[in-house]
Amino acid sequence: MMNFNQNIYDYIHTSAKTEKADLVIRNGKIIDVFNGEIIEEDVAITKGKIVGIGSYEGKAYFDAKGGFICPAFIDGHVHIESSMLIPQQLEKVLVPHGVTTLVADPHEIANVAGTKGIQYLIDNSRESLLDIYFMIPSCVPATPFENAGAVLEAEDIAPFYNDPNVLGLAEVMDFPAVIKGNEKMVNKLTSAQENKKLIDGHAAGLDKYGINTYRAAGIQTDHEAVTAEEAKIRLQRGMYLMIREGSVAKDLKALLPIVTERNSRRCLFVTDDKHLDDLIEEGSIDHNVRLAIANGINPIQAIAMATINTAECFQLKSKGAVAPGFDADLLILSDLHQITIEDVFLKGKHVVQTGTLQAEFTAKEPTSTPHTLTNSVKIKPLTKEDLQVVLSQKMANIIEVIPNSLITNHVKEEVDIIAGSFVTSIEKDQLKLAVIERHKQTGNIGLGIVKGMSLKAGAIATTVAHDSHNIIVCGTNDGDMLKAITEIEAMQGGIAIVKDGELINALPLPICGLLTDQHYEETLQQINELNSSLAKVGFSGNFNPFLTLSFLALPVIPDLKLTDTGLFQVKEFKHISI
């Protein structure tokens, strides 16, 4: 016998006006994302659901004072770890910005701690105000040409599909494995499809035939388009186009020209990787919406791209609209072009009032962190000699940074050599780069030369090094590089700045070398102090050097990167000599 559902019974009776709604929002202008219109009606809410649009009586009322009633925003692809906060702190940042739902890919923590890391984030998210859904990492490690802290196969991933908050398989980064029909990759794709789960893509640099293959494999989205032409091919092939605006990858302005009234329902906004200071200063998806409007997109269309489009992409049937049957996740906007958020309702609860998160809605005590996740930096003893770049000729392959981009250039330049080894040059902006394996004490050290990091002295190092998250260090001299590495080991992960053999500043990230459980305001202060300390090592760039450094180890984004096993040419998908 089927169980009687009291909630549905109450929804029906409230909607039919035989019972009063729990809450009625009055005097507002509803953003209708289905018709692209604005309508002036009451919104009736019962037990966290919208049950009616029209004229309703309620047990309580909220006066929108002529503001716009808008669906709350959804981030369609985000790595929580890039904020460096656990979900119970991240909520305090995102909810006032109108973001109440995330589709998260925990592949950063998975690359350090495998299934234990994934489960930790899932467990922690359950205590958060945010609705966090997960795509389970498909490529741990990202490629077979580096060493991560774990290896995840199809049989490791499959049990997570039983969790109702797990929506599918996260960005498939190993495109050669897909195109060649690699058996292990096919098993992962098959498992997701057999479990009726979704599959996200990561098609950086792929041509139209590569996109054909991704679609044939059942991959439905991509966030790696960086030109309007690439975006159009993805839309032509039936993909959802994720328009990314993060801390390093800022693709929104380049992709917007392809968005039309005809195809916009296949477009959605994501942040991918966004740093805490940028989240607070600019915002999250609200920033994407604001920027899109400023660049000519109709405000209601932009809001749809941040709400209903994302919900439909990920089959979140109760999210993304102000309409009966949808969750009462709502924003009250005083300005439709500036997206000025005055109030936020989360499942009908008034959690943000006049822009301030109400204390009674903040999360419980954080989920305890297992010791195995706070003891993740394990390296063999190092000396300056281990950092020597031995060269037999002056012409070298160099990684050139492109400011505010994940993509790098592969350049060939003459370098200075003394006694058979590369010597850094401030004048040429040719610095040393090293990636030290930190998970299993293999002793692997990848060495390279980088141009464009704009340091004049000292060294910077971090365990945030996508995606395997080994230690990556960039410096002007071996002594400071070595000191930065030892400081990272001592605090078991984080970010360090060193000059003249002394630690200038540091941010500890004790959870897998990626996250902290301290209050977001304390973390923000430490980040601001780190940024201020960059002047002491002569940094003069117009980009975030810590984030830029962290992506120089990512061997699935063109063109030249560095892993713990050496210099990696992405387009050819192979190692090359310095």
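Read-outs throughout are calculated quantities, based only on the coordinates presented, and are distinct from any laboratory measurement. Being a predicted model, the structure only gives us computed values, none of them experimental. Cβ coordinates were reconstructed from backbone atoms using ideal geometry, including for glycine residues, and neighbour counts include every protein chain displayed.
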Q: Rounded, prolate or oblate: pick one for segment 531-578, where a ≥ b ≥ c are the square roots of the eigenvalues of its C-alpha gyration tensor, a/c under 1.5 means rounded, and failing that, prolate if a/b is larger than b/c, else oblate.
A: prolate
Q: Ratio to report: Rg/Rh of segment 92-218, with Cα atoms as the point set and Rh obtained by the Kirkwood method; give two decimals.
A: 0.99
**Q.** Kirkwood Rh, Cα atoms: Rg over Rh of the chain
**A.** 0.99
**Q.** Proximal lysines relative to LYS483, as straight alpha-carbon distance under 18 Å, when same-chain residues fewer than 8 apart are discounted
**A.** LYS378, LYS380, LYS384, LYS432, LYS456, LYS499, LYS536
Q: Would you list, by chain and number, the aspartates and glutamates whose Cα falls below 12 Å from the Cα of LYS412, excluding same-chain residues fewer than 8 positions away?
A: GLU400
(Q) Below 8 Å, C-alpha to C-alpha, sequence gap of six or more: please give me the relative contact order for segment 372-575 in percent. (A) 23
Q) What's the long-distance tail for segment 388-478, i.e. % of Cα pairs beyond 16 Å? A) 56
Q. What aspartates and glutamates could a cross-link reach from LYS65, if we take a straight Cα to Cα line under 13 Å and drop same-chain neighbours fewer than 8 places away?
A. GLU40, GLU41, ASP42, ASP335, GLU342, ASP343
Q. So what is the diffusion coefficient of segment 426-556 in µm² per second by Stokes-Einstein at 20 °C and 1.002 mPa s, using a Kirkwood Rh over Cα pairs?
A. 148
**Q.** ASN212 paired with ARG265, simple spin-label distance in nm, labels 7 Å along Cα-to-beta-carbon
**A.** 2.8
Q | Radius 11 Å from Cβ of ARG26, net charge of other residues (Lys, Arg +1; Asp, Glu -1) | A | -4
**Q.** Dimensionless Rg ratio for segment 72-319, taking C-alpha atoms and the 2.2 N^0.38 Å reference
**A.** 0.94
**Q.** Gap separating the Cα centres of segment 170-200 and segment 245-259, nearest whole Å
**A.** 27
Q: Over segment 126-237, calculate the relative contact order: mean separation of alpha carbon pairs under 8 Å at least 6 apart, over the residue count, as a percent.
A: 23
Q.
Projecting each Cα onto the charge dipole of segment 372-575 (Lys/Arg +1, Asp/Glu -1 at the beta carbon, about the Cα centre), which of LEU373, THR463, GLN569 comes out farthest on the positive side?
A. GLN569
Q: Note down the relative contact order for the chain as a percent, whole number, built from C-alpha pairs under 8 angstrom at least six residues apart.
A: 14
Q: Starting from the amide H of ILE495, placed 1.01 Å from N in the peptide plane, find each other amide H under 5 Å away whose residue is 5 or more places distant or on another chain.
A: LEU507, LEU509
Q | Computed lengthening from ASN3 to ILE39, 0.36 nm per intervening residue step minus Cα-Cα distance | A | 9.2 nm
Q. By the scheme Lys and Arg +1, Asp and Glu -1, what is the net charge of all other residues having a beta-carbon under 11 Å from that of SER550?
A. -4
**Q.** Net +/- balance of residues flanking TYR9 in space, Cβ distance below 11 Å, scoring K and R +1, D and E -1
**A.** -1
Q | Gained length - ALA323 relative to ALA228, 0.36 nm times residue gap less alpha-carbon distance | A | 30.9 nm
Q. Does segment 328-452 come out rounded, prolate or oblate by the C-alpha gyration tensor, with a ≥ b ≥ c the root eigenvalues, rounded set by a/c under 1.5 and, if not, prolate when a/b is larger than b/c and oblate if not?
A. oblate
Q) Measuring from a point 7 Å past the Cα of GLU183 along Cα-to-C-beta, which residues in segment 110-152 have an amide N at less than 15 Å? A) none
Q) Which number gives the lysine pairs in segment 72-319 that have C-alpha atoms under 14 Å apart and are eight or more places apart or on different chains? A) 4
Q. Once label points are set 7 Å from the Cα along Cα→Cβ at both ASP500 and ASP416, what is their separation, rounded to one decimal in nm?
A. 2.0
**Q.** Estimated dipole of the chain in Debye, rounded to 20 [Cβ of Lys and Arg +1, of Asp and Glu -1, Cα centre]
**A.** 940
